[in-house]
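Trainee: Structure provided below as structure tokens; questions to follow.
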Amino acid sequence: MMEKQASSRTCFVCGVENPLGLHLKFYETAPGEVSVEFTAPQEYQGYPGVLHGGIVAAILDETAGRAHMGGFPPRFMFTAKLEIRYRKNVPIGQPLKIVGRAGKNRSRAAEGWAGIYDEAGTLLAEANGLYIDLPDPPDPAGLERIGWKVYPDN
């Protein structure tokens, strides 16, 4: 299974039209699991050669939450808690694989995990998050109108 998830136009992590964004393309690889490949450009570095920790956090947060978005309508949630463990420096200019997995699922809340791996499969950073359903999610009939859709790969 390899199904591309929808993205927005303006999200910092996935927004296809955000000129400052990361433009990550998420794929559902199994029920409750997503993955994305990414090579960070130097514009997002902290120390020379190292991806800024705040960017690492944003990537992990988005990926862990997206593990619960499969199906229709998508489950829109906000982050209530995010715990990050930075194991090793995350390099810029090198291919990375990011994986997210759904955890416990309750009626209005869910847990998710995400990890960033280097080419050799070493876990560089990971996060556990708690996500809460939006109180007023977007109307499923109007998702494309607000820019939430599956955009073709370029």
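The values are calculated or read from the model by the stated rules, or taken from the named source; none is laboratory data. Everything quoted here is computed from the prediction, not taken from an experiment. All Cβ positions, glycine included, derive from the backbone under ideal geometry; neighbour counts span all protein chains shown.
Trainee: Kindly provide the set of residues from segment 64-91 that are closer than 23 Å to PRO140 by Cβ and of a type in the set (Val, Ile, Thr), ordered by number.
Mentor: Once the filter is applied, which keeps residues that are closer than 23 Å to PRO140 by Cβ and of a type in the set (Val, Ile, Thr), segment 64-91 yields only THR79.
Trainee: So which residues in segment 19-45 are in contact with a His (Cβ under 8 Å, 6 or more places away or on another chain) and outside any loop (DSSP other than H, G, I, E, B), if there are any at all? Before the answer, list the steps.
Mentor: Applying the first criterion (in contact with a His (Cβ under 8 Å, 6 or more places away or on another chain)) to segment 19-45 yields 32, 44-45.
If the condition is that a residue be in contact with a His (Cβ under 8 Å, 6 or more places away or on another chain) and outside any loop (DSSP other than H, G, I, E, B), then TYR44, GLN45 are the ones that fit.
Trainee: To continue, here is another question. Provide a single number: the residues in segment 85-106 that are in a strand (DSSP E or B) and either β-branched (Val, Ile, Thr) or closer than 26 Å to ALA30 by Cβ (or both). Lay out the reasoning, then the answer.
Mentor: Within segment 85-106, the subset in a strand (DSSP E or B) is 85-86, 91, 95-105.
Next cut, either β-branched (Val, Ile, Thr) or closer than 26 Å to ALA30 by Cβ (or both) only: 85, 95-105.
Adding up the residues that qualify gives 12.
Trainee: So, ILE146, is that one part of a strand (DSSP E or B) and more than 18 Å from SER35 (Cα to Cα) or not?
Mentor: Numbers: part of a strand (DSSP E or B): no; more than 18 Å from SER35 (Cα to Cα): yes.
No; evaluated as a whole, the condition is false for this residue.
Trainee: Taking interchain pairs and intrachain pairs at least six residues apart, which have beta carbon atoms under 6 angstrom, with the first residue in segment 128-139 and at negative phi and the second basic (Lys, Arg) and surrounded by fewer than 16 Cβ atoms within 10 Å (Cβ to Cβ)?
Mentor: Sorted first by the residue in segment 128-139, then by its partner, the pairs are LEU130/LYS81; ASP133/ARG108.
Trainee: When segment 28-63 is examined, which residues are found to be hydrophobic (A, V, I, L, M, F, W, C) and touching a Phe, Trp or Tyr at 6+ places or on another chain (Cβ under 8 Å)? I'd like the intermediate steps shown before the answer.
Mentor: As a first pass, look at segment 28-63 and keep what is hydrophobic (A, V, I, L, M, F, W, C): 30, 34, 36, 38, 40, 50-51, 55-60.
Listed by number, the residues that qualify are VAL34, VAL36, LEU51, ILE55, VAL56, ALA58, ILE59.
Trainee: When you go through ALA57, ALA114, ALA109 one by one, which is the residue that is within 22 Å of GLN5 (Cβ to Cβ), buried (at least 17 other Cβ atoms within 10 Å of the Cβ) and either at pLDDT 95 or above or not aliphatic (A, V, I, L, M) (or both)? Before you say what the answer is, go through the steps one by one.
Mentor: On the way: ALA57 fails: buried (at least 17 other Cβ atoms within 10 Å of the Cβ); ALA109 fails: buried (at least 17 other Cβ atoms within 10 Å of the Cβ).
The unique qualifying residue is ALA114.
Trainee: Mind checking which residues of segment 69-86 are surrounded by 13 or more Cβ atoms within 10 Å (Cβ to Cβ) and either charged (D, E, K, R) or under 11 Å from the mean Cα position of the chain (by Cα) (or both)?
Mentor: MET69, ARG75
Trainee: Answer yes if at least one residue in segment 24-37 is of a type in the set (A, V, I, L, M), more than 18 Å from GLN5 (Cβ to Cβ) and within 14 Å of the chain's Cα centre (by Cα), and no otherwise. Outline the logic, then answer.
Mentor: Of all residues in segment 24-37, those of a type in the set (A, V, I, L, M) come to 24, 30, 34, 36.
Pick out the ones that are also more than 18 Å from GLN5 (Cβ to Cβ) and you get none.
Checking segment 24-37: not a single residue is of a type in the set (A, V, I, L, M), more than 18 Å from GLN5 (Cβ to Cβ) and within 14 Å of the chain's Cα centre (by Cα).
Trainee: Just to verify a result, which residue in segment 117-144, among those that are modelled with pLDDT under 95 and among the charged types (D, E, K, R), is nearest to ALA57 (Cα to Cα)?
Mentor: ASP136
Trainee: Could you grab me the full set of residues in segment 127-143 that are out of contact with any strand residue (DSSP E or B) (no Cβ under 7 Å at 6 or more places or on another chain) and not in a loop (DSSP other than H, G, I, E, B)?
Mentor: Those that are out of contact with any strand residue (DSSP E or B) (no Cβ under 7 Å at 6 or more places or on another chain) and not in a loop (DSSP other than H, G, I, E, B): PRO140, ALA141, GLY142.
Trainee: Further question on the same structure: Of all residues in segment 30-54 being surrounded by 15 or more Cβ atoms within 10 Å (Cβ to Cβ) and not hydrophobic (A, V, I, L, M, F, W, C), which is nearest to VAL150 (Cα to Cα)?
Mentor: We begin by selecting, within segment 30-54, every residue surrounded by 15 or more Cβ atoms within 10 Å (Cβ to Cβ); these are 32-36, 38, 40, 44-46, 50-53.
Still in the list and also not hydrophobic (A, V, I, L, M, F, W, C): 32-33, 35, 44-46, 52-53.
Working: GLY32: 18, GLU33: 17, SER35: 15, TYR44: 25, GLN45: 29, GLY46: 31, HIS52: 28, GLY53: 28 Å.
The qualifying residue nearest to VAL150 (Cα to Cα) is SER35.
Trainee: Quick one: in segment 87-101, of everything that is among the aliphatic types (A, V, I, L, M) and closer than 21 Å to VAL150 by Cα, which residue is surrounded by the most Cβ atoms within 10 Å (Cβ to Cβ)?
Mentor: ILE98
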